[in-house]
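Trainee: Supplied in structure tokens, the structure appears directly below.
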Amino acid sequence: AGVREAAAAHTDAEIVLVGKSMGSRIGVKVANELCASSDAADRRLAERIVCCVCFGYPLNPDAANAAERRAAVIDSAKPVLFLQGTRDKLCPLDALRTCLKNNPNTFIFPVNTGDHSLNILKSHTKNTGETQAIVDGTLLKEIALFVAARRGDRRVAAASTLGGSSSG
């Protein structure tokens with residue numbers, strides 16, 4: 001309902017579904033459901049969705065509903081950017097890469113030493129000089145480039161460090 005309400009309030013706006021953890025899972029699921037719907041209004045709404053951005057997707061391969069969590073992203077109907085920490089216990093990068101390997105609409109941007117909330121280790125900052133603020137700025141840049149490229153602005157696509165499906 002939230003997507004429909006926002007879309008109704010901004011009738012000319014393109015839509016980017018963004019979520020953190022469970023919210024990211026719901027965003028991908030909503031996009032998939034709208035794209036698969038036979039309802040004309042749902043299909044028009046789906047056409048306005050540019051992409052999804054997932055902060056810490058909860059793939060959780062050990063969860064009781066792991067198959068459902070995998071299915072949503074394996075068959076994502078819209079491009080999806082996954083911002084994932086390399087220490088994320090709810091979504092090990094190898095499991096996510098395996099899950100996404102055949103979906104060219106999916107991209108992974110790994111956060112070195114990041115946890116599920118994308119917080120980096122203090123030792124990473126000490127060893128590299130890369131602070132949380134720098135990481136956050138990099139994430140914002142990657143999101144902006146990803147969205148712009150999906151909107152058709154090819155000038156920015158070359159500036160992104162994302163290399164393609166399940167990169168990282």
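The values are calculated or read from the model by the stated rules, or taken from the named source; none is laboratory data. These numbers were taken from a predicted model, which means no experiment stands behind them. Here the Cβ is made from the backbone with ideal geometry for all residues, glycine too, and neighbour counts use every protein chain on show. Heads up: the accessible areas ignore ligands, DNA and RNA and are worked out on the full protein's heavy atoms, side chains in. Shrake-Rupley method; radii C 1.70, N 1.55, O 1.52, S 1.80 Å.
Trainee: With respect to ASP39, determine if the residue is farther than 24 Å from LEU140 by Cβ, at pLDDT 95 or above, open to solvent by 20 Å² or more (accessible area, probe 1.4 Å) and acidic (Asp, Glu). Quick ask: steps written out before the conclusion?
Mentor: Details: farther than 24 Å from LEU140 by Cβ: yes; at pLDDT 95 or above: yes; open to solvent by 20 Å² or more (accessible area, probe 1.4 Å): yes; acidic (Asp, Glu): yes.
When the stated conditions are applied, ASP39 passes them.
Trainee: In region 136-150, how many are in contact (Cβ under 8 Å) with a residue 40 or more places away in the chain and either in contact with a Phe, Trp or Tyr (Cβ under 9 Å, 6 or more places away or on another chain) or open to solvent by 40 Å² or more (accessible area, probe 1.4 Å) (or both)?
Mentor: Kept after step one, since they are in contact (Cβ under 8 Å) with a residue 40 or more places away in the chain, are these residues of region 136-150: 139, 142-143, 146-147, 150.
Checking the rest, the ones that are also either in contact with a Phe, Trp or Tyr (Cβ under 9 Å, 6 or more places away or on another chain) or open to solvent by 40 Å² or more (accessible area, probe 1.4 Å) (or both) come to 139, 142-143, 146, 150.
Going through region 136-150 one residue at a time, the tally reaches 5.
Trainee: So which residues in region 108-140 are out of contact with any strand residue (DSSP E or B) (no Cβ under 8 Å at 6 or more places or on another chain) and closer than 26 Å to CYS51 by Cα?
Mentor: Of all residues in region 108-140, those out of contact with any strand residue (DSSP E or B) (no Cβ under 8 Å at 6 or more places or on another chain) come to 112, 121-134, 136-138, 140.
Passing the criteria: ASN112, GLN132, ALA133, ILE134, ASP136, GLY137, THR138, LEU140.
Trainee: How many residues, within region 72-88, are touching a Ser or Thr at 6+ places or on another chain (Cβ under 8 Å) and charged (D, E, K, R)?
Mentor: 1
Trainee: Please work out which residue is most open to solvent (accessible area, probe 1.4 Å), limiting yourself to region 66-101 and to residues that are without any contact (Cβ under 8 Å) to a residue 12 or more places away in the chain and more than 21 Å from LEU34 (Cβ to Cβ).
Mentor: The initial filter retains those residues of region 66-101 that are without any contact (Cβ under 8 Å) to a residue 12 or more places away in the chain, namely 66-68, 71, 94, 98.
Remaining after also requiring more than 21 Å from LEU34 (Cβ to Cβ): 66-67, 94, 98.
Numbers: ALA66: 7, ALA67: 63, ASP94: 111, THR98: 86 Å².
Applying the filter and picking the extreme gives ASP94.
Trainee: How about region 1-36: which of its residues are at pLDDT 90 or above, open to solvent by less than 80 Å² (accessible area, probe 1.4 Å), more than 18 Å from PHE55 (Cβ to Cβ) and of a type in the set (A, V, I, L, M, F, W, C)?
Mentor: Selection gives LEU34, CYS35.
Trainee: Filter region 26-40 for residues that are out of contact with any Leu (no Cβ under 9 Å at 6 or more places or on another chain) and touching a residue at least 24 places away in the same chain (Cβ under 8 Å) and give the result.
Mentor: LYS29, ASN32, CYS35, ALA36
Trainee: State all residues of region 95-111 that are within 10 Å of VAL80 (Cα to Cα) and within 10 Å of the chain's Cα centre (by Cα); if no residue qualifies, say none.
Mentor: Scanning region 95-111 gives THR106, PHE107, ILE108.
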